[in-house]
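Notes follow the structure.
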Amino acid sequence: MHIQEILSLLKDAPFSQAARNILARLNTQTVDTASILAAVHPMKDEYRALEIQYRTVENLLASIRQRSYQIHYSIIQSQALLAPIRRVPDDLLLEIFVAAKALGPATMMAIMGTCRRWRHIALSHQHFWKELVLTGTERVVFIHSQLYPCICIIQ
């Protein structure tokens with residue numbers, strides 16, 4: 001491909017004004033290696049400058065994205081503190097847990113896995129852990145209160 005064909009292909013390409021001036025000069029002059037190298041050098045400098053700016057913007061966007069995720073997580077945590085269940089007194093929760101105990105050991109394990117507060121309430125009351133019945137049909141992880149002894153009955 002000749003230089004004229006290359007220049008005709010590049011005339012509509014989105015270049016900076018400096019690159020357009022160089023291409024115009026190349027179009028009117030006899031082309032030699034030195035003039036091509038002289039024409040390419042400013043474009044390389046501009047390219048390097050744009051790459052630096054691009055990396056700077058990418059780093060800034062990554063920093064903004066990370067801070068955005070942190071703020072979003074903080075909002076979610078703060079809203080969870082306002083949940084109505086957090087205002088239910090421990091003694092009322094204990095009554096609910098006593099009623100739920102009749103549903104089986106899997107229910108108690110679900111209650112204990114809900115949050116630290118519920119786990120503490122369930123483990124600190126001897127009503128739940130004075131007796132544990134295993135029928136062999138459920139898969140139960142045995143956790144007991146260190147405050148109260150537990151009697152295990154395997155049927």
- Message: Using each residue's phi in the range 66-76, evaluate 6.51 cos²θ - 1.76 cosθ + 1.60 at θ = phi - 60° and report the 3J(HN,Hα) Karplus result to the nearest Hz, with x for Gly and Pro.
- Response: 5, 5, 4, 5, 4, 5, 4, 5, 5, 4, 4
- Find how much the distance from R117 to S68 grows on full extension, using 0.36 nm per residue of separation minus their present alpha carbon separation; answer in nm with one decimal. 14.7 nm
- Message: Just to check I understand the Karplus step: with θ = phi - 60° and J = 6.51 cos²θ - 1.76 cosθ + 1.60, what whole-Hz values come out for the range 108-122, glycine and proline as x?
- Response: 5, 5, 5, 4, 5, x, 6, 6, 4, 4, 5, 4, 4, 4, 5
- Exposure proxy check on H120, H72, H125: fewest-to-most Cβ neighbours within 10 Å is H72, H120, H125
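Values in this text are rule-based calculations from the coordinates and carry no lab data. What you see is a predicted model; the values in this text were computed from it and never measured. When we count neighbours, we look across all protein chains shown, and the Cβ atoms used for this are built from the backbone with ideal geometry, even at glycine.
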